[in-house]
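Presented below is the structure to which this report refers.
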Amino acid sequence: MEQTEIAREQGAPTASILAEQAWEGKVRKVFSWIVSVYLCVVFGAFPLYFHNYYYDILVSKYQFYWLSTVAMLASCLIAAIVFACMDLKRFGGAHVRRFLGAFRLTELKKQPFAYKALAVFWALALISTVLSDYVYESFWGNEGRFSGLFLITLYVLGTIVISKYGRMRKWYLDVFLASSVLVCLFGITDYFQMDLLGWKKGVSNEQGNLFVSTLGNINTYTAFVALTMAVACGCFVSERKVGRRIWYYLVSALAFFALITGQSDNAYLSLGMLFAVMPLFLFTTWRGIADYGILAATFMTVIKVVDTVNKVYADQVIGLGGVFGVLVRYRYLEGVVVLFWILAGILCVWKRKMEQTNPESKPGRWIWRGWCAVLILGCLAVAFVLYDANLGGHAEWYSALSQYLVFDDDWGTNRGYCWRIGWQSYRELPFLHQLFGFGPDTYGILTWDFRQDALDRYGVFYESAHNEYLQYLVTMGPLALASYLAFLGGACVRMCRKWKECAWILAPVLAVLCYGAQAVVNINLPIATPIMWAMLAIGLALTREEAEQAE
């Protein structure tokens, strides 16, 4: 083996090296095939799967996901054992030693920051479970939404296997979008109260309108559609082939329509994140600016279409409330749509002119910097308004938007109350539980003392914080929350650095960011959340492949 290693270093194409390289290629191909099948199942079948309609939608989705993931992990383990035996026989265990050597401390230190943060997050989840007064419940999450240590472990292992051993292809995203089209179409027909699937028979309209498509609650549905929208838009702006661009554009428009008619306020956060972040990538080229104009004009057009639909089919649709309800009733909406398309047309003509006359020309840096300034000023303005409405004593100035700006127990469909009792219960915990949390997905147990009060006031009790970040804080501690945010941030930064080498990596980046935005007011459920983790893993896998090609 020493001669082989010397020959390898000198680049000599010996027969043993060629045989070893061929064998390594077969090993990678097998693991890649396992990952491919798994991603097709998660992206293609998982969103559409159900067992007993909405009655057990959470349980059935959870079971489908964990069984699929365990099957994938088990397949990888069996393949690894078989290849290890073959390696011992053919190469004296050289590859096994090399694999095990990667777990030495010196080698682990070389891992990207995102993986280190992920390992810390899992370790803290384990500590939180072990130290919990409810170890069984913390492990399985059965008193919450099944997001205990077991599911967290599957997320982590799945991400590592996909990102380290998968070979990424853009058609994985096409599988996801094809499945999402059906999800969106079922959701839109539910908005028209058609109930094509027959899931709402015998259910009152008040209850039935809160459940949509094949995903369940409207909040979960719009979280999933936000992922669809982000992926479709990311693929549209990164694609150059006309046929595929048309496909991604149509899915983007459909996702806009589905998101608006989904009736959940978390859609505002996802849309805001999408249109705020895309210019940071697109405003460096004329094509990017034109594509952004097209998507913005399309979104405004969809709002107008929804407005028309609500008027023409007023007795057949559920109807809109909240911010979207205000937008569709805006008296000058039609003029705004026309203006957006005029601007988009001008940008497209200018882009074409610049490509023909000066292909190397790029927009001035001031455009990108100007957008950054707009974002900063926008954030400062929002912060000031929130301060002024809640602490400045001027809540009456914002009466039209008070339901969104003034925080009290009734804010966000009683989310203010849910957050308050979670924070109050957390502050009363012993220091060790404050540091490591009460145990993964034990929010309902943590806030047990408020259960009767919640039932008396709102007719419900809370098993989740309806805020993924607060959920991690009170159930797993501030260190776990920090490591989770570090993982998401580190992964996104790593993906963004590879954007110019692999343009479609923008799709998983936008998906993670849009999911992260709506997570401020939503629940971490094994329905939409697994898709986010899979997208994140795809993005990390692309960064690995780009790095390997650069070597």
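For every residue, the table says whether it meets (1) on the phi < 0 side of the Ramachandran plot; (2) free of Cβ contacts under 8 Å to residues at least 12 places away in the same chain; (3) in contact with a strand residue (DSSP E or B) (Cβ under 6 Å, 6 or more places away or on another chain).
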| residue | (1), (2), (3) |
| --- | --- |
| C85 | yes, yes, no |
| A102 | yes, yes, no |
| L126 | yes, no, no |
| F146 | no, no, no |
| K170 | yes, no, no |
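When you check C372 against the structure, is it more than 22 Å from S264 (Cα to Cα), assigned to a helix (DSSP H, G or I), in contact (Cβ under 8 Å) with a residue 12 or more places away in the chain and out of contact with any Phe, Trp or Tyr (no Cβ under 8 Å at 6 or more places or on another chain), yes or no? Yes: the conditions hold for C372.
Looking at region 384-398, can you tell me whether even one residue there is modelled with pLDDT of 90 or more, over 17 Å from H466 (Cα atoms) and of a type outside the set (F, W, Y)? The answer is no; no qualifying residue exists.
K170 meets all of the listed conditions (1) crowded, with 20+ Cβ neighbours inside 10 Å; (2) of a type in the set (D, E, K, R); (3) under 23 Å from L254 (Cα atoms) but one, namely (1).
Listed by first and then second residue, the pairs with beta-carbon distance under 6 Å, at least 6 apart or on different chains, first residue in region 309-326 and closer than 18 Å to E206 by Cα, second of a type in the set (F, W, Y) and not in a loop (DSSP other than H, G, I, E, B), are V317/Y191; I318/Y191.
Residue check: T284 meets all listed conditions (1) outside any loop (DSSP other than H, G, I, E, B); (2) surrounded by fewer than 20 Cβ atoms within 10 Å (Cβ to Cβ) but one, namely (1).
Taking region 429-469 as the range and being buried (at least 21 other Cβ atoms within 10 Å of the Cβ), of a type outside the set (D, E, K, R) and part of a helix (DSSP H, G or I) as the test, the residues that pass are F436, Y443, L446.
Pull up region 188-214, narrow it to residues that are of a type in the set (G, A, S) and exposed (fewer than 11 other Cβ atoms within 10 Å of the Cβ), then point me to the one that is nearest to Y54 (Cα to Cα). Looking at residues that are of a type in the set (G, A, S) and exposed (fewer than 11 other Cβ atoms within 10 Å of the Cβ), I get G198. Count of region 348-371 residues, restricted to those that are over 17 Å from Y292 (Cα atoms) and either of a type in the set (G, A, S) or in contact with a His (Cβ under 8 Å, 6 or more places away or on another chain) (or both), is 1. The requirement of being modelled with pLDDT of 90 or more, of a type in the set (G, A, S) and under 27 Å from the mean Cα position of the chain (by Cα) is fulfilled somewhere in region 297-320, by at least one residue. Just so you know, in region 388-414 the residues that are in a helix (DSSP H, G or I) and exposed (fewer than 12 other Cβ atoms within 10 Å of the Cβ) include one that is nearest to the chain's Cα centre (by Cα), and it is A400.
Scan region 330-355 for residues that are free of Cβ contacts under 8 Å to residues at least 12 places away in the same chain and charged (D, E, K, R) and the total you get is 3. Pick from region 290-330 the residues that are of a type in the set (F, W, Y) and touching a Phe, Trp or Tyr at 6+ places or on another chain (Cβ under 9 Å): which of them is farthest from M194 (Cα to Cα)? Checked region 290-330; the qualifying residue farthest from M194 (Cα to Cα) is Y292.
Of the listed requirements (1) closer than 22 Å to V27 by Cα; (2) hydroxyl-bearing (S, T, Y); (3) not in a helix (DSSP H, G or I), Y54 misses just one: (1).
All conditions in (1) part of a helix (DSSP H, G or I); (2) of a type outside the set (A, V, I, L, M, F, W, C); (3) on the phi > 0 side of the Ramachandran plot hold for E334, with the sole exception of (3).
Given the criterion in contact (Cβ under 8 Å) with a residue 60 or more places away in the chain, of a type in the set (G, A, S) and outside any helix (DSSP H, G or I), identify the matching residue among G262, G272. Among G262, G272, only G262 is in contact (Cβ under 8 Å) with a residue 60 or more places away in the chain, of a type in the set (G, A, S) and outside any helix (DSSP H, G or I).
The conditions of being touching a residue at least 24 places away in the same chain (Cβ under 8 Å), over 17 Å from V35 (Cβ atoms) and either in a helix (DSSP H, G or I) or within 30 Å of the chain's Cα centre (by Cα) (or both) are not met by V96. So for region 46-57 (the condition being polar (S, T, N, Q) and at pLDDT 95 or above), does at least one residue qualify? No, region 46-57 has no match at all.
The values are calculated or read from the model by the stated rules, or taken from the named source; none is laboratory data. Predicted, not measured: the structure shown is a model, and the values here were computed from it. As a convention, Cβ positions derive from the backbone with ideal geometry for all residues, glycine included, and neighbour counts pool all protein chains shown.
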